[in-house]
Each structure stands twice: as C-alpha cells, then as structure tokens.
Amino acid sequence: DMREETERRLVAEERLRRAVAEDRIEAWYQPVHRLSDGVVTGAEALARLRDVDGTVIQPFDFIPLAEELGLIGEIGTVVLQKAVRETAELSVGLGSPMHVAVNISVDQITPDLVPAVSEVLREHDFPASRLTLEITESTLADQSAAMQQVLTDLRAMGIVLSLDDFGTGFSSLSYLSTLPVDGLKIDRSFVSVMGSSRQSLMLARSVVQLGLALDLRTIAE
C-alpha cells in the first residue's frame, strides 16, 4: 500500500511539473455581480490545470500538492499574468472597465511581489485599482512585519486587498484592525445555507454590517 501511494504521488508530481512547464495552467472566471442592479463588475480568476488528454483538473486535486512542492508561487504568478491580460482584453471587447480578483499564497507575499505585480500591470496597461488580490486568513496565520510591509506597498500602488474566506480562520477581527485590507469575502459555507439556517443568515448579515461600518467592500461567495 505504501509503495502504491508513493507511485501515485510521483505520477501526480510529474503531471503537475509538466503542466507548469508546458503552460497548461489556465485562469477560469467566476463573475462578481453588484446586487443593487445585477451588473457584472468583474470576476475572480480561478486556477485550473488542463491535463495532456484535455481533462480539466480541479484545484483541490493539485493545489495542496503544489503547495507541498513549492510550485504554488509559480502557479499563482501564471494565473495573475493571464488574469490581468485576459481581463484587459475583455474590457476592450466589452467597452467597459472590468475588475479582476486573484488569490495569492503566502509563498508569493515577498518583496519581489511588488515589482512583479507592477510589471504585469504596466505590460498590459491595466489600472492597479481594477486588480484585487485576495488573501486567506489561514495564509496570514504567521504574518510578519515584512509580509505586512509588502501588503502595505501593494495597497499604496492602488491595488485592492481583500480578506478571503472571512469567518473561517482565526482572529478575524484582529486582521481587520492590523492589516491594510479594503474588502472581505463571506465564505460560501455561510452563504449557501442562509435560506435554511438562521444562524448562518445572522452571521452573514453581521459581516455585511461590519463591512459597512469599516467602509469595506463585501462580497458573498
């Protein structure tokens, strides 16, 4: 059993490394609707892996392995580049400025991230204010002064910072008071059962009210 598990892992690792090398990491998009009028204002870019046979592999089947192998930063960079380029092209095609949100991992939050993001925006003539970088609470569990400085520098560029999966991690309120964030996203585990769970409805409502009080953009996932 141990040998078979090791062989499966080696196959999965080789498949992932080849996908990265052969540019088979894709950005798929989930639209963001403004509830007041239903207008689509932008989208969240989601990483997908296209296997050699054309099969689309979902994130939960390759992201944990990518994190273990140290490839998550490289994958994140690819998704960021594609998301900015494709959203810039979409904005031109629609004749309307679209926003895009991209998740970043803890491995990406280094001083090198600031010039890298700046270069991507410059290359595609994409305004910083139309890019949102989403950080999960779990990513920030071991936040350092250096990490906080990177986030501060990104925000100073005009980039929107959002706290993802809000309410599912630890010390959520302390993050809102110490981090330079502009928005938060209510986790789908609360949103999906609002119609049947009063507790989830009250939690979602409380987060919306908290966002209003702190002047944060709030998204329900």
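Listed values, structure above:
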item	result
Those residues of the stretch 128-144 which are assigned to a helix (DSSP H, G or I) and at pLDDT below 80, in sequence order	SER138, THR139, LEU140
Hits in the stretch 178-207 (condition: surrounded by 16 or more Cβ atoms within 10 Å (Cβ to Cβ) and out of contact with any helix residue (DSSP H, G or I) (no Cβ under 9 Å at 6 or more places or on another chain))	LYS185, ASP187
Among (1) at pLDDT below 95; (2) at negative phi; (3) surrounded by fewer than 19 Cβ atoms within 10 Å (Cβ to Cβ) - the single one GLY95 does not satisfy	(2)
Subset of the stretch 27-70 [in contact with a helix residue (DSSP H, G or I) (Cβ under 9 Å, 6 or more places away or on another chain), more than 18 Å from ASP107 (Cβ to Cβ) and open to solvent by 70 Å² or more (accessible area, probe 1.4 Å)]	TYR29, ARG50, VAL52, ASP61
Subset of the stretch 71-84 [free of Cβ contacts under 8 Å to residues at least 40 places away in the same chain and either of a type outside the set (A, V, I, L, M, F, W, C) or surrounded by fewer than 20 Cβ atoms within 10 Å (Cβ to Cβ) (or both)]	GLY73, GLY76, THR77, GLN81
Matching residues in the stretch 122-139 - criterion: being closer than 13 Å to GLY158 by Cα, surrounded by 19 or more Cβ atoms within 10 Å (Cβ to Cβ) and of a type outside the set (D, E, K, R)	PHE126, LEU131, THR132, LEU133
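The values are calculated or read from the model by the stated rules, or taken from the named source; none is laboratory data. Just so it is clear, the model here is predicted, and its values are computed rather than measured. Using ideal geometry, Cβ is built from the backbone for each residue, glycine included, and neighbour counts are taken over all protein chains shown. Quick note on the areas: whole protein, heavy atoms, side chains included, nothing else; ligands and nucleic acids left out. Shrake-Rupley method; radii C 1.70, N 1.55, O 1.52, S 1.80 Å.
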